[in-house]
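Peer 1: The structure's right below; bear with me while I get my questions together.
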Amino acid sequence: MTHRTKWTALLLLIQLLLLTSSCSSDDDQPYPSIVTEMADLLTNDKGYLSMLRLDDGTRFSVTNNQGDFAKKALYRVLCGYTAEGASATIYQLTGAYILRDSSQVAQRDPVAVRSVWRTPRYINLHLAPKTQGGNQYWGFITDSIQQSITSEGDTLTHAYLSLHHKQNADPASYTEETYASIPLDSVKGIKAASPITLSICTEGGKTQNYEL
C-alpha cells in the first residue's frame, strides 16, 4: 500500500525552484523545446540526480544534477526535459506514486481519472482526487490472472487489476492533479505482452475499465 506522503512532492518542488532559478533570464534566448513524459529519475551514491531513464529504455545523464536526494534511489516523475546526445537537462518535475499490490487491504473509493496509458515498463495514471491536504492511500489490486489458449496454440495470460484508493476521511475540498505508475514487473504471472484490464471506480460510483 502506497502512502500519500508529502515529502517527495516537496523535495521535487525544491529541486524545481533550484532548476528554474538557474535558467537564463535573457529575453533574447529562445525557450528550449521541452519534452514532457513519465520517466524514472535515479540518484547516485551521493544523493545527486544522475540518470533519467525513459520507459522505452533510453537513458540520459543529467546535466543539472542537483543534490539532497536519497542515495541510490529511484524516483518516478512526470519530467520536462531537453536532450542533446546522451545528456538531458531537466526543467520541470512532478512526483508520481509507484503503486504496489494492495490486494490484502483492497478499497475502491471513487476518483476522477484524466488518462491511463501503458508503456513497456509501467501502467501510468493521471488522476484528479478531491482532497483537503490529508493522507490518502493508493495501490493496485490483483483481481485475477487468467490463462487461455489462442488459436495458434499459445498460452495467453490476461491480468485483471483494480485501482486501490482509500480516501481515508480526507474531505473533498479541492482537486489535486496526481500521477501514479504501476510497475509491470510487480504484477505476478504476466509477460511483457500480456493484456491487462484495469478497473477504476470513478466519480458517481461507476466503474471504468481500461484495456491495456
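None of the figures in this text is laboratory data; all of them are computed from the coordinates on show. Nothing here was measured: the structure is a model prediction, and the numbers come from that model. Quick reminder, even Gly has a Cβ in these numbers, built from the backbone with ideal geometry, and neighbours come from all protein chains shown.
Peer 1: Can you show me the helix-derived [θ] at 222 nm for the chain, built from DSSP H runs with n ≥ 4 at -39,500 (n - 2.57) apiece and divided by the number of residues, rounded to the nearest 500.
Peer 2: -2500 deg cm²/dmol
Peer 1: Shifting gears a bit: Starting at the first residue of the range 207-212, write each ³J(HN,Hα) from the Karplus equation 6.51 cos²θ - 1.76 cosθ + 1.60 with θ = phi - 60°, in whole Hz, x for Gly and Pro.
Peer 2: Result, ordered by residue: 9, 10, 9, 10, 8, 10 Hz.
Peer 1: Reachable aspartates and glutamates from Lys72, Cα under 15 Å, same-chain residues fewer than 8 places away excluded?
Peer 2: Hits, sequence-local ones excluded: Asp40, Asp45.
Peer 1: Return the sequence-ordered ³J(HN,Hα) values of the range 180-188 in whole Hz as given by the Karplus equation 6.51 cos²θ - 1.76 cosθ + 1.60 applied to θ = phi - 60°, using x for Gly and Pro.
Peer 2: 8, 9, 9, x, 5, 6, 9, 8, 5
Peer 1: If you filter the range 29-86 for trypsin sites (Lys or Arg not before Pro), then keep DSSP loop positions with at most 16 other Cβ within 10 Å, what is left?
Peer 2: Lys46, Lys71, Lys72
Peer 1: In sequence order, what are the phi-derived ³J(HN,Hα) couplings for the range 102-113 according to the Karplus relation 6.51 cos²θ - 1.76 cosθ + 1.60 with θ = phi - 60°, rounded to whole Hz, with x for glycine and proline?
Peer 2: 10, 4, 6, 10, 4, 8, 10, 5, x, 8, 6, 10
Peer 1: Follow-up question, since we're still on this one. Would you mind checking which residues have amide H under 5 Å from Gly47's amide H? H placed 1.01 Å from N; only 5 or more apart, or other chain.
Peer 2: Lys72
Peer 1: A follow-up question, please. Once both axes come from the Cα atoms, what is the angle between helix 7-21 and the longest principal axis of the chain, in degrees from 0 to 90, rounded to 10?
Peer 2: On a 0 to 90 degree scale, this one is about 30.
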